Structures are given as structure tokens and as C-alpha cells.
Amino acid sequence: MDEYRHLLLAVDFTAETDQVVERAVGLRAKCGAKLSLVHVVEYIPMAYSGDLSLPDDFNLEQELLDVARKRMDALGERLGVKEGDRYVALGSPSREILRIVREHHVDVVVVGSHGRHGVSLLLGSTASSVLHHAECDLLAVRIKEVT
Ligand code: AMP
């Protein structure tokens, strides 16, 4: 474990995020590695019925990225992660996480795992998608449901 030099923590900013953050911070302390953060904005284009009067220059993508950047900066400050090691991307979470792993020589990715069953298991999860495609190690933190 002390061979880990670069950890990447993937955060979705749900109520469960802190459980995953806690494990990543613990691992960083144990192996003295650098910690980077990633959040991916999943933009699903919506077809408006025409009843919504949005300003012509309204850019949903940009709005979502701005909110994500603010949350990322707050988390980065809290965890002492340098600005340059806080990644905010747009697209598919697993694809973007894997891209950052490749481009920044990450040794281990830390993600949450819901331990799904049935249909949602068949549909897949970010953790299993990263596990199947990443060349580095994966720490899948089993998430306890927050009520
Ligand atoms: P899921 O099983 O897809 O709900 O996601 C479980 C874990 O994947 C989360 O706890 C995060 O670690 C990671 N994850 C999911 N969505 C995102 C996202 N949009 N950006 C970064 N990480 C994510």
C-alpha cells in the first residue's frame, strides 16, 4: 500500500460523499500519497415544450459546471487538495474518471459502491465500470444508506 503515490477520489456530491471522502483521506494518511479529486457533470439534454421562457443566452451546461466547480473548490479547500489537482469534467462519469487515471498516472481510484442487486446491478454502476476498464487499483467503499 505504501507504493501508492497518487490517489484519485471520485465524488458525486450526494449525501453519501463523506463516507467515501473519509476512506480516501485515511488511505492518503497511511501511504503519504498525493490526493486528487474528480467530479463529472452528467449533462442530459432536455427537450423543452416551449412553455419555459429561458433567456436566449442561458447555457445549462455552463451553469452546471459552475455549480460543480464551486462545490469542488469547497471540498478541495477542506481536504487540502491543490487547485490543479481538482478536476471537474463534463460527460460520462466512468469514462472521464478513466481518462484522468490515464492522463495523470493515478495508482488507485477511490469510489463509492452501493452493492446493488437485480435490475440496477444489470444496468451497472460507476464502480463496476471503472473496475472493468482501469489499469490501476480500485478501492470501492461500500456505502451505508443515509436516511
Ligand atoms: P454509482 O454507483 O454510479 O451511483 O456511483 C458510485 C460512486 O461512483 C460514487 O460514490 C462516486 O465515487 C462515483 N461517481 C458516481 N457519479 C460520479 C460523478 N458524476 N462524478 C464523479 N464520481 C462519480
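The values are calculated or read from the model by the stated rules, or taken from the named source; none is laboratory data. Note that this is a predicted model, so its numbers are computed, not measured. A quick note on method: Cβ atoms are made from the backbone with ideal geometry, for glycine too, and the neighbour counts reach across all protein chains shown.
Does the range 80-115 hold any residues that are within 21 Å of R69 (Cβ to Cβ) and acidic (D, E), and which are they?
Hits for the range 80-115 are E83, D85, E96, E103.
Filter the range 56-102 down to the residues that are within 15 Å of the ligand (Cβ to nearest atom) and not in a helix (DSSP H, G or I), then identify the one that is nearest to G32 (Cα to Cα).
If we take residues in the range 56-102 being within 15 Å of the ligand (Cβ to nearest atom) and not in a helix (DSSP H, G or I), then V81 is nearest to G32 (Cα to Cα).
Which condition from (1) surrounded by fewer than 17 Cβ atoms within 10 Å (Cβ to Cβ); (2) within 19 Å of V141 (Cβ to Cβ); (3) modelled with pLDDT under 95 is the one that R78 breaks?
Of everything listed in (1) surrounded by fewer than 17 Cβ atoms within 10 Å (Cβ to Cβ); (2) within 19 Å of V141 (Cβ to Cβ); (3) modelled with pLDDT under 95, R78 misses just condition (3).
I'd like the full set of residues that are hydrophobic (A, V, I, L, M, F, W, C) and within 12 Å of the ligand (Cβ to nearest atom), limited to the range 1-28.
Applying the first criterion (hydrophobic (A, V, I, L, M, F, W, C)) to the range 1-28 yields 1, 7-11, 13, 15, 20-21, 24-25, 27.
Result: L8, L9, A10, V11, F13, A15, V20, V21, A24.
Based on this model, can you work out whether L65 counts as modelled with pLDDT of 90 or more, farther than 21 Å from Y4 by Cα and not polar (S, T, N, Q)? Break it down stepwise before answering.
Numbers: modelled with pLDDT of 90 or more: yes; farther than 21 Å from Y4 by Cα: yes; not polar (S, T, N, Q): yes.
Here the answer is yes, as L65 does meet what is asked.
Tell me which residues, restricted to the range 19-51, are of a type in the set (D, E, K, R) and modelled with pLDDT under 95.
At the first step, the residues of the range 19-51 found to be of a type in the set (D, E, K, R) are 22-23, 28, 30, 34, 42, 51.
Those that are of a type in the set (D, E, K, R) and modelled with pLDDT under 95: K30, E42, D51.
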